[in-house]
Amino acid sequence: MLHPKSGPDMTTPRLQLHNSLTRRKEVFEPADPARVTMYVCGPTVYNFAHIGNARPAVVFDVLARVLRRLYPNVVYARNITDIEDKIIAAAKEQGVEISTITDKYAAIYREDMGTLGVLPPDIEPKATDTIPGMIAMMQALIDNGHAYAAEGHVLFNVPSYAEYGRLSGRDRDDMIAGARVEVAPYKQDPADFVLWKPSTPEQPGWDSPWGRGRPGWHIECSAMIEKHLGTTIDIHGGGIDLQFPHHENEIAQSNCAHGNAPLARFWLHNGFVNIEKEKMSKSIGNVLLVHDLIKEAPGEAIRLALLNGHYRQPLDWTADGLAQSRRMLDRLYGALRALADVEAKASNEAVPSAFLEALLDDLNTPKALAVLFDLAKQANTATDAAEKVRLKAALLASGALVGLLQADPESWFAGMGMTPNINLEEIEALIAARAAARKGRDFKEADRIRDELAERGILIEDGPQGTLWRVAS
Ligand SMILES: [Zn+2]
C-alpha cells in the first residue's frame, strides 16, 4: 500500500552537499533539526588574512545563511587559533605579550571579513579558553591507548587508529613523507603527531599532568568542537589545504576520544585561490591581503568575485575578475536604483525557486548569480507595477541569502565610502550646476562640469529620471 507523502517533502527541494568523507553529493539531513551544528576552522591570528583565507569565511557564511533559511536554530562556530609558534615568534620579535598580537589581529580579521559581508559566527571560541577541555581529551586518549606522554610531549599514536586517512585518501606514509624534520626520538611511530609540547619558562604555557606546556594545533579544534557543539556535529568545513593532515588528525583525536563516534557527518572543503594563474606564495610575492584589497575595491565586489566560482573548484583571482564583479554589481544595483520608488518587502517567500534550488544544489553560487542577473534584466524592462514589486522583492531577498545587494543603491554608486577625491554633496552640487547650465543652453559649461566629474572618477548618465551618477570602476 502506498503511503501518502507529506506536502513539503514532495515539493521542497532538499539541501544537497558534497561530502568529502564519502566523495559524493548527499542529501543533507541534520541529526537534530532543532539544533543544526557547523564548525569551520578559523584564522591563526598573528598577521593579516589573505584572499585565500577569506574564501572559506565567505563560502561558509553563505552556507550558514542557507541553513538558517531552512532550520530554526543553527549554531555556527568558527574558532580563533590564538596560541601557535608563529604567534609566539611574532610576540617575541615585537617584545609584547601574545595576547597583544592575537587581540589585534583577531579584531582586524573580524573587521576585514565584516567588510566582505561575512556575518559573525554564533560562537567564536578561542583556543586559549579551551585548555582544560584539551587536557581532558588528551588524558582520555592516553587512557584508551591512542596517545602517550614522552619527554614533556603528548603524542597521538597514528597506527592505533586503523581508519586514519579515510577523509583525505592519504595515510600514515604520507604523514611521514610530509614531515620535513627528522623524526623526534620520543616518537613511537614516525607518523605520530603532537598533541601537547613543553614550553620553556619564557614561552607561554599552561600546567598539565605532563608538565607546563602548550597545545598543538589539531587538538584545539577537536576540544573546541566538543565543548561548544558536541560529540558529533552536522557539518565541518574548511579549506582543502586543511584536509590533510589537520582534518584527518581532528577526526583521529575526536573519534578515538569518543568511542569512535564520528566527529562530523558532513565534511565540506572549499578549493584553493590562485592569483593570476599562479599559486599564491610569499616567495613569488603575490600574496593579496584582504586588508589591502578593501582599500581598492568595495568589499561587496570582493565577495562577489569569491562567489563567482563554485566553492569546490579552484578560484583564479584576477584584477580583471574583480573589475568585472564591480560592473556586475553596478548592473544589479542599477536595477534596484531604478526601482527606488517601488515599495517591496524582502520576505523568504520572495526568493525565486530557481535561485533557492541553485543554492540547495551544493551551493551552486554561479548558477544562483545567473538567476539574479536575469531578475535585474527583467526589472530593467518591467512596466507593470505589481511586476516591479515582485522583482524588487526577489532581488533583495535573493541577495540577502548570499550576502549581496543589501546596501542603499545610492551609496553603492557613491563608491561605498571609497569615492575618490570628492564627497556626496560636491557631486550633487556639480550635477545641479550642470543641469542649470544645460537648462540655460550653456552646453560648454555643462560639458566642462561633466569632464571635471569624470576626471574625479565620477561618470554620469542622463536618463528619463534625470542624471544618474556612479563611481567609475
Ligand atoms: Zn580545525
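Read the figures in this text as sums done on the coordinates, not as results from a lab. Everything numeric here is computed off the predicted structure, so don't read it as measured data. We place every Cβ from the backbone using ideal geometry, glycine too, and count neighbours over all the protein chains shown.
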### Query
Given the residues Ile449, Ile458, which is the only one that is in contact (Cβ under 8 Å) with a residue 12 or more places away in the chain, surrounded by 13 or more Cβ atoms within 10 Å (Cβ to Cβ) and over 34 Å from the mean Cα position of the chain (by Cα)?
Ile449
### So Ala264, is it within 16 Å of the ligand (Cβ to nearest atom) and either charged (D, E, K, R) or farther than 18 Å from Pro43 by Cα (or both)
yes
### Query
Looking at the stretch 177-222, which of the residues that are in a helix (DSSP H, G or I) and over 20 Å from Asp143 (Cα atoms) is nearest to the ligand (Cβ to nearest atom)?
Cys221
### Query
Taking the stretch 85-112 as the region of interest, how many residues are more than 22 Å from the chain's Cα centre (by Cα) and either among the polar types (S, T, N, Q) or in a loop (DSSP other than H, G, I, E, B) (or both)?
6
### Query
Among the residues of the stretch 387-411, which ones are over 17 Å from Val62 (Cα atoms) and part of a helix (DSSP H, G or I)?
Glu387, Lys388, Val389, Arg390, Leu391, Lys392, Ala393, Ala394, Pro409, Glu410, Ser411
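Let's see how each residue does on (1) within 16 Å of the ligand (Cβ to nearest atom); (2) more than 21 Å from Thr115 (Cβ to Cβ); (3) touching an Asp or Glu at 6+ places or on another chain (Cβ under 8 Å); (4) polar (S, T, N, Q):
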| residue | (1), (2), (3), (4) |
| --- | --- |
| Pro43 | yes, no, no, no |
| Tyr46 | no, no, yes, no |
| Leu63 | no, no, no, no |
| Tyr71 | no, yes, no, no |
| Ile80 | yes, no, yes, no |
| Glu84 | yes, yes, no, no |
### Task
Scan the stretch 364-395 for residues that are within 14 Å of Leu304 (Cβ to Cβ) and of a type in the set (Gly, Ala, Ser) and jot them down.
Ala368, Ala370, Ala376
### Task
Kindly state which strands (runs of 3 or more DSSP E) lie completely within the stretch 255-372 and contain at least 3 residues that are touching a residue at least 40 places away in the same chain (Cβ under 8 Å) and within 17 Å of the chain's Cα centre (by Cα).
264-270, 315-317
### Query
Only one residue in Ile240, Ile235, Ile225, Ile275 is of a type in the set (Val, Ile, Thr) and within 12 Å of the ligand (Cβ to nearest atom), so which one is that?
Ile225
### Query
Hey, does the stretch 174-182 have a residue that's loosely packed, with under 13 Cβ neighbours inside 10 Å and β-branched (Val, Ile, Thr)?
yes
